[in-house]
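Shown next, in structure tokens, is the structure this report addresses.
The values are calculated or read from the model by the stated rules, or taken from the named source; none is laboratory data. What you are looking at is a predicted structure, and each value in this text was computed from that prediction instead of being measured. Every residue, glycine as well, gets a Cβ built from its backbone with ideal geometry; the counts of neighbours run over all protein chains shown.
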Amino acid sequence: MTRFAGRLDRMRTAKLGKLEVGRIGLGTMGMSHGYTGAGSDDAASIRTIHRAIDLGVTLIDTAEVYGPYVNEELVGQALRGRRDQVVLATKFGLVSHTGGAPGGMDSSPENIRIAVEGSLKRLGTSFIDLYYQHRVDPGTPIEDVMGVLAALVAEGKIRYIGLSEAWIPTIRRAHAVHPVTAVQSEYSLWTRDQEEVLPVLRELGIGLVAYSPLGRGFLTGAVRTTADLDDSDFRKTNPRFVGENFERNVRSADEVRAIADEAGVTAAQVALAWLLSKGEDIVPIPGTKRVSRLEENVAADAVVLTASQIAALDALTPAEGEHHTEAQMKAIER
Ligand SMILES: NC(=O)c1ccc[n+]([C@@H]2O[C@H](COP(=O)([O-])OP(=O)(O)OC[C@H]3O[C@@H](n4cnc5c(N)ncnc54)[C@H](OP(=O)(O)O)[C@@H]3O)[C@@H](O)[C@H]2O)c1
């Protein structure tokens, strides 16, 4: 049975740089891409986005590569008539329109110019609130990337600039060209390396958007076996979900569940409340395509963990296995 804690009628806000957003955002990737059931019920996904907006979620997160394209189309459809109620975030750089880039990674100025026009069209908007480079492209100096993004800001096509999975030197170089508003990276109870980046983000006034805050669903305790996952589900090849690692990692999920039971809330809420306890400049973007889970996740805004619960979560058994495949890890700056 799902138990909700706290209110569902009003959410706090947070600041990412100068950009104000609801304290908890919504990741829309799994509605169309990557996870079991993606694309199976767009009507339910659109209801989830609408319910999120009604509950005070403003940061809606998509990317060109989700699908590719179909997730942006879905979000654009959901936001018809409601565009002004959200802070719309999307990402470029993992689809190459210039024909040259192996694996699709392409942050060349030419590609960014093409990508932004496509995203604007699919999202049905004249501007993107927060436009992220999806992965740092070793083929294009970050100064060149920021140069074209700053031009897009000046042209009114984007409002704020973000980076995803960039590490400290790149963040500093980028910020020296034009203010970076947010860095979006994986941060959760079982992926902690952003804690090394956070002091630098705070020094520079950059917010942290925490993706996969529920450990791709695992930390909620809802994934007890990988047998139910489609073969196309990303988690099938994620090292944390494979073989002995998976069996061992179930322990971490059980530890989260025990604290949730003590706090009288759900494991998903504990995972989110722990992130919220780490700072007002951290905005998790849990992904779900279901209204009931959205409501549960949003209610985490009102969950207050005790100091001893936070300490127990800080000391959670570390995950076995990297948080991405070996090939994907190569695209993540460290
Ligand atoms: N920048 C990047 O490189 C990057 C990478 C990955 C993700 N992201 C962004 O971050 C967002 C969130 O990350 P994520 O979707 O990978 O992982 P997540 O938010 O940690 O977990 C999502 C998974 O958990 C399930 N779930 C959600 N709420 C639940 C609840 N209360 N109880 C039980 N299960 C629950 C969802 O299933 P249902 O949908 O079936 O509810 C889905 O399978 C994405 O949507 C995307 O926008 C960005």
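Points to keep in mind about this one:
- Failed condition for Met329, given (1) closer than 29 Å to Thr58 by Cβ; (2) within 18 Å of the chain's Cα centre (by Cα); (3) within 15 Å of the ligand (Cβ to nearest atom): (1)
- Just one of the listed residues (Ala258, Ala227, Ala263) is touching a residue at least 12 places away in the same chain (Cβ under 8 Å), surrounded by fewer than 24 Cβ atoms within 10 Å (Cβ to Cβ) and away from the ligand (no atom under 11 Å from the Cβ), and it is Ala263.
- Here the condition is being of a type outside the set (Lys, Arg), at pLDDT 95 or above, under 19 Å from Leu275 (Cα atoms) and touching a Ser or Thr at 6+ places or on another chain (Cβ under 8 Å); of Leu26, Leu74, it holds for Leu26 alone.
- Pick from segment 185-203, criterion in contact with a Gly (Cβ under 9 Å, 6 or more places away or on another chain) and under 14 Å from Leu16 (Cβ atoms), ranking: farthest from the ligand (Cβ to nearest atom): Arg202
- Total residues in segment 16-63 satisfying the condition of being under 28 Å from Arg113 (Cα atoms), away from the ligand (no atom under 12 Å from the Cβ), surrounded by 18 or more Cβ atoms within 10 Å (Cβ to Cβ) and not aliphatic (A, V, I, L, M): the figure is 2.
- Evaluation of Arg216 against (1) touching a residue at least 40 places away in the same chain (Cβ under 8 Å); (2) within 19 Å of Gly17 (Cα to Cα) (one fails), failing number: (2)
- Selection within segment 123-146 - surrounded by fewer than 22 Cβ atoms within 10 Å (Cβ to Cβ), of a type in the set (Val, Ile, Thr) and in contact (Cβ under 8 Å) with a residue 40 or more places away in the chain: Thr125
- Among the residues of segment 154-182, just one is surrounded by fewer than 18 Cβ atoms within 10 Å (Cβ to Cβ) and in a strand (DSSP E or B), namely Arg159.
- Failed criterion for Gly243 (all others in (1) within 11 Å of the ligand (Cβ to nearest atom); (2) at pLDDT below 95 hold): (1)
- Complete set of residues in segment 302-334 that are closer than 17 Å to Tyr187 by Cα and in contact with a Lys or Arg (Cβ under 6 Å, 6 or more places away or on another chain): Thr317, Ala319, Glu320, Gly321, Ala331
- Considering only residues in segment 109-122 that are touching a strand residue (DSSP E or B) at 6+ places or on another chain (Cβ under 8 Å) and within 16 Å of the ligand (Cβ to nearest atom), the one that is nearest to Thr170 (Cα to Cα) turns out to be Ala115.
- Every pair of residues 6+ apart whose Cβ atoms lie under 8 Å, when the first sits in segment 299-324 and is under 14 Å from Lys278 (Cβ atoms) while the second is of a type in the set (Asp, Glu): Gln309/Glu262; Leu316/Glu255
- Positions within segment 123-148 being part of a loop (DSSP other than H, G, I, E, B) and within 16 Å of the ligand (Cβ to nearest atom), in sequence order: His134, Arg135, Val136, Asp137
- Where helices (runs of 4 or more DSSP H) fall entirely within segment 234-320, those with at least 3 residues that are closer than 26 Å to Leu16 by Cβ are at 267-276, 291-298, 307-314.
Quick grid of which residues meet (1) among the charged types (D, E, K, R); (2) under 19 Å from the mean Cα position of the chain (by Cα):
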| site | (1), (2) |
| --- | --- |
| Ile206 | no, yes |
| Arg216 | yes, yes |
| Thr225 | no, no |
| Asp228 | yes, no |
| Asp233 | yes, yes |
| Arg240 | yes, yes |
| Gly243 | no, no |
| Glu247 | yes, no |
| Val250 | no, no |
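- Count - residues of segment 276-304 that are surrounded by fewer than 21 Cβ atoms within 10 Å (Cβ to Cβ) and either away from the ligand (no atom under 12 Å from the Cβ) or of a type outside the set (A, V, I, L, M) (or both): 11
- Filter result for Asp106 (in contact with a helix residue (DSSP H, G or I) (Cβ under 9 Å, 6 or more places away or on another chain) and within 13 Å of the ligand (Cβ to nearest atom)): no
- Considering the conditions (1) without any contact (Cβ under 8 Å) to a residue 12 or more places away in the chain; (2) of a type in the set (A, V, I, L, M); (3) in a loop (DSSP other than H, G, I, E, B), Ala151 is excluded by exactly one of them, (3).
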